[in-house]
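To start, the structure itself, in structure tokens.
The values are calculated or read from the model by the stated rules, or taken from the named source; none is laboratory data. Nothing here was measured: the structure is a model prediction, and the numbers come from that model. Heads up, the Cβs are rebuilt from the backbone with ideal geometry, glycines too, and the neighbour counts pull from every protein chain shown.
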């Protein structure tokens, strides 16, 4: 591993400098904007579309919790607060050891989470539009979260 002694940052691990932090915050903001634009695009038109039997575009106002679990809004927001609090604390304590893939994974997770939570606060539901196999209906923010988790799991350094 190469260490730049002037800045005390690890080049190999991709430790966060102020410039890198700005980049990851901007990337997260851009992902949120993209997700909200897609939701607006699909909900501002009155249509239903099917590319394949397993993939359809629909308009679904999801007022339930993950996996359509029916919970009261107060419980949903309590769960969000606890989970996000734990994740923020973890990232804050460990970001100096993150590699580029870690930053990318966490950026996807936080962008997807913030976008969906903001929608639930504003509308009391999350706008979903991509129906998979006629069952689950998701949006880009959901995809960000899943891809971010996969990156964090698969990009772990080998010991």
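At-a-glance table
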| quantity | calculated |
| --- | --- |
| Test: residue in segment 98-105 that is without any contact (Cβ under 8 Å) to a residue 60 or more places away in the chain and exposed (fewer than 13 other Cβ atoms within 10 Å of the Cβ) | no |
| Failed item in (1) at pLDDT 95 or above; (2) surrounded by 12 or more Cβ atoms within 10 Å (Cβ to Cβ); (3) over 24 Å from residue 133 (Cβ atoms), with residue 95 passing the rest | (1) |
| Residue match in segment 122-139 (condition: in contact (Cβ under 8 Å) with a residue 12 or more places away in the chain, closer than 25 Å to residue 23 by Cβ and buried (at least 19 other Cβ atoms within 10 Å of the Cβ)) | yes |
| Candidates 77, 41, 103, filtered to the one that is out of contact with any strand residue (DSSP E or B) (no Cβ under 7 Å at 6 or more places or on another chain), outside any loop (DSSP other than H, G, I, E, B) and under 16 Å from residue 125 (Cβ atoms) | 77 |
| Selection within segment 106-144 - assigned to a helix (DSSP H, G or I) and in contact with a strand residue (DSSP E or B) (Cβ under 6 Å, 6 or more places away or on another chain) | 116, 119, 120 |
